[in-house]
Amino acid sequence: MIDKVPKQRQRAAATRDGTLLRVRPEEEADRLAIQTVNRAAFETSAEATLVDVLRAKPSAVASLVADIDGQVVGHIMFSAVTFAEQPAARVVGLAPMAVSPENQRAGVGSALVREGLKLCKQLGYQAVVVLGYPEFYPRFGFVPASRYAIRCEYDAPDDAFMIVELQPHALRSLHGLVRYDEAFASV
Ligand SMILES: CC(C)(COP(=O)(O)OP(=O)(O)OC[C@H]1O[C@@H](n2cnc3c(N)ncnc32)[C@H](O)[C@@H]1OP(=O)(O)O)[C@@H](O)C(=O)NCCC(=O)NCCS
């Protein structure tokens, strides 16, 4: 699935200190670097393994990297989620996402989220869900999913499971239990 994302899609965005950052779809040659970034950012290698498993699954939608001078410093992945009561829903989950520790808090993660949301919108998805920091995601338009009676299959504090609509009024028609690809159960 992720191979359907146009390879020529490349965007530049400046980080907070003015360094030029490029956000682009992952290529085969990036895979080791993506593993390295995920291993460095998370406490265990579970997320790095998840990326490798998800990439090969039909649920994988997009995998983007952030690079500075050709070096991968961040990664974000999107995969289709399902709504238990609404089989026709076209919604993706943002996860995992990682920035190498030495490059964190410089705008890399934000650039990845912004480009990822644009791409998912272009691909026709209705909304994106995320289970993550309530301090971070609202700046991109995410709101607590509970506002729309949308729940996560995993236990999470109310404000940590969030959703953003990509198409006007998409949230009016979505509700119920959200399930991630079964690969997430191992994280
Ligand atoms: C979360 C993460 C992807 C953000 O990437 P980033 O490049 O540092 O993000 P940006 O510089 O664009 O934005 C920084 C914001 O991220 C949020 N953030 C980063 N680390 C955080 C943490 N440990 N706890 C809570 N919020 C955090 C803050 O809101 C921060 O804003 P501030 O600098 O104004 O306080 C990155 O810190 C990371 O890889 N963390 C470890 C892996 C991880 O936890 N991933 C899951 C994300 S839900």
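The values are calculated or read from the model by the stated rules, or taken from the named source; none is laboratory data. Source: prediction; values computed, not measured. Every residue, glycine as well, gets a Cβ built from its backbone with ideal geometry; the counts of neighbours run over all protein chains shown.
Quick check: anything in region 16-28 assigned to a loop (DSSP other than H, G, I, E, B) and modelled with pLDDT of 95 or more? Looking for residues that are assigned to a loop (DSSP other than H, G, I, E, B) and modelled with pLDDT of 95 or more, one finds at least one in region 16-28, hence yes.
Looking at the structure I just gave you, is Arg139 over 14 Å from the mean Cα position of the chain (by Cα) and in a helix (DSSP H, G or I)? Here the answer is yes, as Arg139 does meet what is asked. When region 22-41 is filtered for residues that are within 13 Å of the ligand (Cβ to nearest atom) and of a type outside the set (A, V, I, L, M), the ones remaining, listed by number, are Thr36, Asn38, Arg39. Here Arg147 passes the criteria (1) of a type outside the set (A, V, I, L, M); (2) under 16 Å from Thr82 (Cα atoms); (3) without any contact (Cβ under 8 Å) to a residue 40 or more places away in the chain; (4) surrounded by fewer than 19 Cβ atoms within 10 Å (Cβ to Cβ) except the one numbered (2).
Given the residues Leu166, Leu131, Leu119, which is the only one that is away from the ligand (no atom under 16 Å from the Cβ), under 13 Å from the mean Cα position of the chain (by Cα) and modelled with pLDDT of 95 or more? So the residue among Leu166, Leu131, Leu119 that is away from the ligand (no atom under 16 Å from the Cβ), under 13 Å from the mean Cα position of the chain (by Cα) and modelled with pLDDT of 95 or more is Leu119.
Do you know which of the residues in region 15-26 that are exposed (fewer than 14 other Cβ atoms within 10 Å of the Cβ) and in contact (Cβ under 8 Å) with a residue 24 or more places away in the chain is farthest from Leu119 (Cα to Cα)? Looking at the filtered set, the residue picked out is Asp17.
Could you tell me whether any residue of region 167-176 is surrounded by 17 or more Cβ atoms within 10 Å (Cβ to Cβ), under 23 Å from Glu47 (Cα atoms) and of a type outside the set (D, E, K, R)? Checked region 167-176: no residue is surrounded by 17 or more Cβ atoms within 10 Å (Cβ to Cβ), under 23 Å from Glu47 (Cα atoms) and of a type outside the set (D, E, K, R).
Listed here are the residues, each with its yes/no results for (1) within 17 Å of the chain's Cα centre (by Cα); (2) not in a strand (DSSP E or B).
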{"position": "Thr44", "(1), (2)": "no, yes"}
{"position": "Ala48", "(1), (2)": "yes, yes"}
{"position": "Val61", "(1), (2)": "yes, no"}
{"position": "Val65", "(1), (2)": "yes, no"}
{"position": "Gly74", "(1), (2)": "yes, no"}
{"position": "Pro87", "(1), (2)": "no, no"}
{"position": "Leu94", "(1), (2)": "yes, no"}
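Every condition in (1) free of Cβ contacts under 8 Å to residues at least 40 places away in the same chain; (2) surrounded by 23 or more Cβ atoms within 10 Å (Cβ to Cβ) holds for Arg39 except the one numbered (2).
Annotation: of all residues in region 42-51 being away from the ligand (no atom under 11 Å from the Cβ) and free of Cβ contacts under 8 Å to residues at least 24 places away in the same chain, the one that is surrounded by the most Cβ atoms within 10 Å (Cβ to Cβ) is Ala48. When Leu54 is tested against (1) more than 11 Å from the ligand (Cβ to nearest atom); (2) free of Cβ contacts under 8 Å to residues at least 60 places away in the same chain; (3) under 30 Å from Leu174 (Cα atoms), exactly one condition is not met: (2). Looking at Arg105, is it of a type in the set (Lys, Arg), near the ligand (Cβ under 9 Å from one of its atoms) and modelled with pLDDT of 95 or more? Yes.
For every residue, the table says whether it meets (1) surrounded by fewer than 18 Cβ atoms within 10 Å (Cβ to Cβ); (2) in contact with a Phe, Trp or Tyr (Cβ under 6 Å, 6 or more places away or on another chain); (3) polar (S, T, N, Q); (4) closer than 20 Å to Leu21 by Cα.
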| site | (1), (2), (3), (4) |
| --- | --- |
| Ile76 | no, no, no, yes |
| Ala88 | yes, no, no, no |
| Val99 | no, no, no, yes |
| Arg114 | yes, no, no, yes |
| Lys118 | yes, no, no, yes |
| Gln122 | yes, no, yes, no |
| Val128 | no, no, no, no |
| Gly141 | yes, no, no, no |
